[in-house]
Amino acid sequence: MNHHFRQRLMAYMIGNLSCQEVAALVTDYLDGALSLTQRIRFHMHLGLCVACRNFLKQMRYTISTLRRLPPDPTPPHVKAQLHRRFTDWNVNRGLSSDCAEEKK
Amino acid sequence: MGGLLCTNHLDSSPGERDNRCIPCIWLSLIQPRAGPFLPSMPSPFSTSDFDDVTVIKGLQQGNEHIFEYVVNRYSGSLLRVALAFVPSRAVAEEVVQETWLGVFEGIGRFEGRSSFQTWLFRILSNRAKTRGVRESRYEPMGLGTAGEREDGPSLDDSLFVTEGSRAGHWKVPPADWEPDTPERALLSKECRETIEAAIAALPLTQRQVITLRDLEGMSSEDICNILDISETNQRVLLHRARTKVRQSLNHYLAQEKHLPS
């Protein structure tokens with residue numbers, strides 16, 4: 001390998017991603033969907049760029065916030081209605097549940 | 001010149017990876033999935049009382065306690081997912097009711113080839129799609145829907161310098177969020193509402209993907225099956241949705257800083 005070729009190879013591997021390109025790759029990166037070359041370039045950029053490190057962190061925090069965002073609680077009357085449907089369904093198919101017995 | 005070796009590699013004990021540390025960088029190239037920035041995301045439901053087998057058996061046998069558990073565990077999620085498929089809350093509530101009827105009809109034949117959650121959401125999405133077609137408001141999946149560009153940068157161009165020698169750089173570099181940001185965000189009602197509003201404002205397809213993936217924690221494979229889209233397309237939609245939610249969160253945090261505490 002001559003010197004020139006090695007330099008070109010290094011430049012290709014390290015690449016020169018812009019912040020905009022790095023930001024666009026974050027979800028692919030977190031999903032493990034980057035190729036080896038892309039991953040190297042991604043890491044090389046991150047190693048040098050505080051702003052993009054912060055952006056990645058912000059995305060991680062956003063995801064873990066979303067992951068723990070609880071759904072609205074179901075109102076009691078909806079639950080009660082579902083419960084009635086369940087017992088009806090049980091009675092209809094010949095299964096008598098305890099609760100259905102008690103109500104009669 | 002600091003940062004070539006992190007504390008773990010200076011005293012050679014394994015631990016958190018640091019992306020400024022060269023051995024850590026190499027490690028994360030070999031094992032990308034355990035890389036330095038992968039979030040550990042505890043599921044809010046990881047401490048579920050019943051596993052899928054118990055749930056399915058219980059429902060088939062008509063066990064009330066199991067049904068109560070299933071209702072408590074899934075009905076909020078079902079409504080949230082339904083809202084990502086149909087435009088109004090009233091229709092979404094009806095779709096959820098139909099889904100429960102679908103559960104009663106289908107549980108006897110359910111063999112557990114997918115997880116119970118996936119099965120449930122598949123029934124929901126099928127009902128929601130027929131519903132949407134009937135009301136002719138449902139937008140077909142995958143293809144670029146109105147107002148949604150399928151290619152081009154997903155991040156708002158306004159975040160980056162577009163011209164000159166600094167093209168592609170951040171206009172305003174993202175701030176370093178405090179480590180307790182998710183906890184604080186979840187504690188504040190206002191912030192939760194900000195996030196929910198940001199999700200509600202997303203185009204339908206993006207909303208479906210982020211709801212199933214991040215809010216409900218489904219695997220991307222299952223999501224692709226349910227929504228009938230490719231993995232790549234799914235990630236594009238997810239990335240757009242996440243960046244928009246991040247932006248609203250960022251906005252909220254910036255405002256919060258200016259308020260007297």
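The values are calculated or read from the model by the stated rules, or taken from the named source; none is laboratory data. Keep in mind it's a predicted model, so treat the numbers as computed, not measured. Positions of Cβ are generated from backbone atoms using ideal geometry, with glycine treated the same way; all protein chains shown enter the neighbour counts.
Out of the residues in the range A:4-37 that are among the hydroxyl-bearing types (S, T, Y) and in contact with a Ser or Thr (Cβ under 9 Å, 6 or more places away or on another chain), state the one that is modelled with the highest pLDDT. Break it down into steps so the answer makes sense when it comes.
As a first pass, look at the range A:4-37 and keep what is among the hydroxyl-bearing types (S, T, Y): A:12, A:18, A:27, A:29, A:35, A:37.
So of that shortlist, the ones also in contact with a Ser or Thr (Cβ under 9 Å, 6 or more places away or on another chain) come out as A:12, A:27.
Values: A:Y12: 73, A:T27: 95.
Filtering first and then ranking leaves A:T27.
Let's see how each residue does on (1) over 23 Å from A:N92 (Cβ atoms); (2) assigned to a helix (DSSP H, G or I); (3) modelled with pLDDT of 90 or more:
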{"residue": "B:P87", "(1), (2), (3)": "yes, no, no"}
{"residue": "B:E93", "(1), (2), (3)": "yes, yes, yes"}
{"residue": "B:W100", "(1), (2), (3)": "no, yes, yes"}
{"residue": "B:G106", "(1), (2), (3)": "no, yes, yes"}
{"residue": "B:F121", "(1), (2), (3)": "yes, yes, yes"}
{"residue": "B:S125", "(1), (2), (3)": "yes, yes, yes"}
{"residue": "B:R131", "(1), (2), (3)": "yes, yes, no"}
{"residue": "B:S136", "(1), (2), (3)": "yes, no, no"}
Notebook entry, point to check: Is it the case that some residue within the range B:198-209 is more than 10 Å from every other protein chain (Cβ to nearest Cβ) and surrounded by fewer than 16 Cβ atoms within 10 Å (Cβ to Cβ)?
Noted result: yes
Item checked: Breaking point among (1) at pLDDT 90 or above; (2) more than 30 Å from B:R246 (Cβ to Cβ); (3) among the hydrophobic types (A, V, I, L, M, F, W, C), for A:M1 -> (1)
Note to self: Here's a check for you: in the range A:1-51, which residue that is more than 9 Å from every other protein chain (Cβ to nearest Cβ) and hydroxyl-bearing (S, T, Y) is nearest to B:D214 (Cα to Cα)?
What the structure shows: A:S35
Notebook entry, point to check: If you check B:A175 against the conditions, is it surrounded by fewer than 16 Cβ atoms within 10 Å (Cβ to Cβ), touching a residue at least 24 places away in the same chain (Cβ under 8 Å) and not assigned by TED's automatic domain parsing to the domain that holds B:S114?
Noted result: yes
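For the range B:221-237, state whether one or more residues are among the basic types (K, R), within 16 Å of A:L69 (Cβ to Cβ) and in a helix (DSSP H, G or I). Talk me through it step by step, then tell me what you get.
Taking the range B:221-237 and keeping what is among the basic types (K, R), we get B:235.
Now narrow it down to the ones that are within 16 Å of A:L69 (Cβ to Cβ): none.
The answer is no, given that none of the residues of the range B:221-237 is among the basic types (K, R), within 16 Å of A:L69 (Cβ to Cβ) and in a helix (DSSP H, G or I).
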Next item on the list: Residues being in a loop (DSSP other than H, G, I, E, B), modelled with pLDDT of 90 or more and of a type in the set (A, V, I, L, M): count how many of those fall in the range B:144-192.
Entry: 2
Margin query: Filter the range B:218-256 down to the residues that are among the β-branched types (V, I, T), touching a residue at least 24 places away in the same chain (Cβ under 8 Å) and within 12 Å of chain A (Cβ to nearest Cβ) and list them by number.
Written below: B:V236, B:T243, B:V245
